[in-house]
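Encoded as structure tokens, the structure appears first; notes follow it.
The values are calculated or read from the model by the stated rules, or taken from the named source; none is laboratory data. Since the structure is predicted, the reported quantities are computational estimates derived from the model, not experimental observations. Cβ coordinates were reconstructed from backbone atoms using ideal geometry, including for glycine residues, and neighbour counts include every protein chain displayed. Protein only, heavy atoms only, side chains kept; ligands, DNA and RNA dropped before computing areas. Shrake-Rupley method; radii C 1.70, N 1.55, O 1.52, S 1.80 Å.
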Amino acid sequence: MKTLRIATRKSPLALWQTEHVAALLRARHPDLAIELVPLSTRGDELLDRSLAAIGGKGLFLKELELAMLRDEADCAVHSLKDVPMLLEPGFAMPAILARADAADAFVSPRHADIAALPAGARVGTSSLRRKAQLRALRCDLRIEDLRGNVNSRLAKLDAGQYDAILLACAGLQRLGFDERIRARLDAPYWLPAPAQGAIAIECRDDAPAIHALLAGLDDADTRSRVSAERAMNRALDGSCHVPVAAFATLQGDELHLRGLVGSAESGRQVRAEGRAPRAAAEALGQEVAARLLAQGARDFIA
Ligand SMILES: NCc1[nH]cc(CCC(=O)O)c1CC(=O)O
């Protein structure tokens, strides 16, 4: 391989994440030439409609996968939380990087946190998961849709369209907006999206040399944690249509997984948790999903 071609979306966050992967690879392989292949995806273009309405997470991957199939790119960098629970056949995920801050962030020019918002305040988010958790805390808020990349969401907040917005801490930190985080929304009270804060690299499963090169960047602890979170989401038939949150931590070799399923309309939610050895990450995800279903999670999934 003379040059490693890395497909990426064109948003500032996607480009940062891909440059980050490129820098890690250059540090390990000083002689490797790396080229970015920036592509626009349907998920980036259809910004006026909710993700659930236009077909969900896969829309951010499809064009990047097609580029790999056409041999115009060797691999692609993704936010793992935007990757569907089942990869397309023919693709593999050799590397999941060490996870950054997984928490959500409360961002507001005037208000310190959710509890400090005045009655009826307008909060911007299009995530069903964030809407459901907000609704559970505050039934008075006006929750309004907000899509677009991180930079344009902050611009809409600054233009006065919302009193506050919710974003991922990881994206804000990567783009240098740490100081915009007014409050962290932390587990166990508030749970992030499955795999939030983790960057994943995808390649074709018939490319062993590329697979081996990328596998050097894999972080085993992160992989165990997000495997449990994504297995839970998969067992719940998780997609953008269902408000599902999950967060796993490791204590030694024991995984602790917390999950919730909620309703963005009513704010009702069910929660469950479980522990298992890290080798049983997938089974733990299925077990916590089963506990959520036993408490009536199906009502929210319908
Ligand atoms: N859905 C967009 C998206 N995908 C990944 C991140 C943040 C970075 C990460 O989770 O690694 C974001 C922005 C956000 O939710 O605020």
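Okay, helix-only estimate at 222 nm for the chain: each DSSP H run of n ≥ 4 adds -39500 (n - 2.57), divide by all residues, round to 500 deg cm²/dmol; what do you get?
After summing the helix terms and dividing by the residues of the chain, the value is -9500 deg cm²/dmol.
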Convex hull per residue volume in Å³, alpha carbons only, for the chain: 126 Å³
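Round to the nearest 0.05 the FRET efficiency obtained for Cys139 and Asp221 when R0 = 35 Å and r is the Cβ-Cβ distance. Please report the intermediate quantities before stating the final value.
On the way: r = 38 Å, r/R0 = 1.08.
Given R0 = 35 Å and the Cβ-Cβ separation, E is 0.40.
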For the chain, averaging the sequence separation of alpha carbon pairs under 8 Å that lie six or more residues apart and dividing by its residue count, the contact order in percent is 21 percent
Label points 7 Å out from Cα along the Cβ direction at Leu32 and Lys2: separation in nm? 1.8 nm
Which of the peptides 72-84, 209-221, 272-284, 189-201 is most tightly packed, and how do the rest follow, going by the mean number of other Cβ atoms within 10 Å of each residue? 189-201, 72-84, 272-284, 209-221
What FRET efficiency comes out for Asp178 versus Gln251 if R0 is 30 angstrom and r is the Cβ-Cβ distance? Round to the nearest 0.05. 0.65
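Rounded to the nearest 20 debye, what is the charge dipole size of region 1-143 about its Cα centre when +1 sits on each Lys and Arg Cβ and -1 on each Asp and Glu Cβ?
Magnitude of the dipole: close to 600 debye.
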Against the longest principal axis of the chain, how steep is helix 128-137, in degrees 0 to 90 to the nearest 10, with axes from Cα atoms? 30 degrees
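Subtracting the Cα-Cα distance from 0.36 nm times the residue separation, let me have the gained length for Glu88 to Arg70 in nm, one decimal.
Working: separation 18, 0.36 × 18 = 6.48 nm, distance 1.51 nm.
Contour length minus the Cα-Cα distance gives 5.0 nm.
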Expressed as a rounded percentage, what relative contact order does region 233-300 have, with Cα pairs under 8 Å and six or more residues apart? 30 percent
In whole Hz, with x marking every Gly and Pro, tabulate ³J(HN,Hα) for region 286-293 from phi via Karplus 6.51 cos²θ - 1.76 cosθ + 1.60, θ = phi - 60°. 5, 5, 5, 4, 5, 5, 5, 5
Name the lysines eligible as straight-distance cross-link partners of Lys2: C-alpha to C-alpha under 28 Å, and not fewer than 8 places from it in the same chain. Lys10, Lys62
Work out how much length Ala23 to Ala116 would gain on full extension: take 0.36 nm times their residue separation and subtract the Cα-Cα distance, in nm to one decimal. 29.4 nm
With the 1.4 Å probe rolled over protein heavy atoms, region 104-185 has an accessible area per residue in Å² of 40 Å²
